[in-house]
Amino acid sequence: MAISFAFDGDDVVWTQRLERPAVYLDTFAIREIADSDELSARFAKVLKDRKGTWLIAALCMGEFARLTDARHGERAERLLAQVVPQIYLFLSESDEERIKRGETDLATRSLPRADERNIDYFSRRWAKQQSLPETFRGMFQLVHEHPNQTNAVLDDMAPELAATLMRLREQDVFRSNAKAARPDGMRTRKQIIGGDLLRELVLDPNAPISNNEALDVMHALDAVDYCDLVLLDKAWERRVNALHQRIADAEITMPVARCYSKSKGGIERFLEALEQWPE
């Protein structure tokens, strides 16, 4: 199982393993699957059958705090209960931390940084419940019922990232360097993925970068880096496909996620790819 808890004397020890296929759903994708009993059951069954892992970011949970309809959180809870223990709670991590650990090979994915604060919280719940579904019950509801702190973080992060991108792309040298950049060993995985996924936004100074777009950037960078299959918005499917082509053209070995969106039956294609894994 991807996540587990065990007693060590009076303490609780938790373990997370990234078991492939690793998948990521952004907030819209969680809602789309969770709103359908059929899709929820299908997603949970295939993930357990394939012994895969659903990566869940603190960012994703936080966005549920913004939803005014509490039923979205309740449906996400039902989906989560069907999937546990095949989950992995993670936080984003800087390139500097990876480099310190010597993780610089483009062909090797890093292990996502565990969301220790939240896992420690659920460890204490497991000590009382000793049932995984009960331990994680209310995970999405917690942020919906206490939204102020979460909203404050998101309200700070998104505008700051959007403003930084818009400021940088106004610089001729920055745009020139972005246009000339190619996937190669001179940059890290995160730099290549980020540079390529943001390429069209950087090269077109008139392209709008909303706060929602900035949040989507944060979803996409880690999802594409760590996972095998991801379900994001339509624009990101196009950008990830372009990244795959540029990696192929550069003739380097660098595995990144295959991306799907709601467009053109993308949810069905995502589930089919998961069912047919590892083909």
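Assorted remarks:
- Every residue from the stretch 195-228 that is part of a helix (DSSP H, G or I), touching a helix residue (DSSP H, G or I) at 6+ places or on another chain (Cβ under 6 Å) and within 14 Å of ALA162 (Cα to Cα): VAL202, ASN211, ALA214, LEU215, MET218
- Yes/no for CYS227 being within 15 Å of the chain's Cα centre (by Cα), within 22 Å of GLU103 (Cβ to Cβ) and at pLDDT 95 or above: yes
- Qualifying residue in the stretch 84-100 (condition: closer than 28 Å to ALA41 by Cα, of a type outside the set (A, V, I, L, M, F, W, C) and touching a helix residue (DSSP H, G or I) at 6+ places or on another chain (Cβ under 6 Å)): yes
- Conditions (1) buried (at least 17 other Cβ atoms within 10 Å of the Cβ); (2) closer than 24 Å to VAL217 by Cβ; (3) of a type in the set (A, V, I, L, M, F, W, C); number of the one not met by LEU111: (1)
- Of all residues making up the stretch 66-84, the number that are touching a Gly at 6+ places or on another chain (Cβ under 9 Å) and modelled with pLDDT under 80: 1
- Test: residue in the stretch 219-227 that is in contact with a Lys or Arg (Cβ under 8 Å, 6 or more places away or on another chain), closer than 19 Å to PRO159 by Cα and surrounded by 14 or more Cβ atoms within 10 Å (Cβ to Cβ): yes
- Among residues of the stretch 170-224, those that are farther than 23 Å from VAL23 by Cβ, in contact (Cβ under 8 Å) with a residue 60 or more places away in the chain and among the basic types (Lys, Arg), counted: 1
- Subset of the stretch 1-11 that is more than 15 Å from LEU89 (Cβ to Cβ) and among the hydrophobic types (A, V, I, L, M, F, W, C) - its residue that is nearest to the chain's Cα centre (by Cα): ALA6
- Pairs with Cβ under 6 Å, 6+ apart, first in the stretch 93-121 and over 20 Å from VAL256 (Cβ atoms), second modelled with pLDDT of 90 or more and crowded, with 16+ Cβ neighbours inside 10 Å: ALA114/GLN16; ASP115/LEU89; ASP115/PHE90; ASN118/LEU89; ILE119/TRP14; ILE119/LEU89
- Looking only at the stretch 166-200, and only at residues there that are under 21 Å from VAL224 (Cβ atoms) and hydrophobic (A, V, I, L, M, F, W, C), the one that is surrounded by the fewest Cβ atoms within 10 Å (Cβ to Cβ): MET186
- Among the residues of the stretch 173-194, those identified as in a helix (DSSP H, G or I), small (Gly, Ala, Ser) and in contact with a helix residue (DSSP H, G or I) (Cβ under 9 Å, 6 or more places away or on another chain) are ALA178, GLY194.
- Test: ILE247 is assigned to a loop (DSSP other than H, G, I, E, B) and farther than 27 Å from ARG17 by Cα: no
- Looking across the stretch 250-271 at every residue that is loosely packed, with under 13 Cβ neighbours inside 10 Å and either without any contact (Cβ under 8 Å) to a residue 24 or more places away in the chain or in contact with a strand residue (DSSP E or B) (Cβ under 8 Å, 6 or more places away or on another chain) (or both), the one that is farthest from LYS234 (Cα to Cα) is identified as GLU251.
The values are calculated or read from the model by the stated rules, or taken from the named source; none is laboratory data. Keep in mind that what you see is a predicted model, and the values were worked out from it rather than measured. Note that each Cβ is placed from the backbone with ideal geometry, even for glycine, and that neighbours are counted across all protein chains shown.
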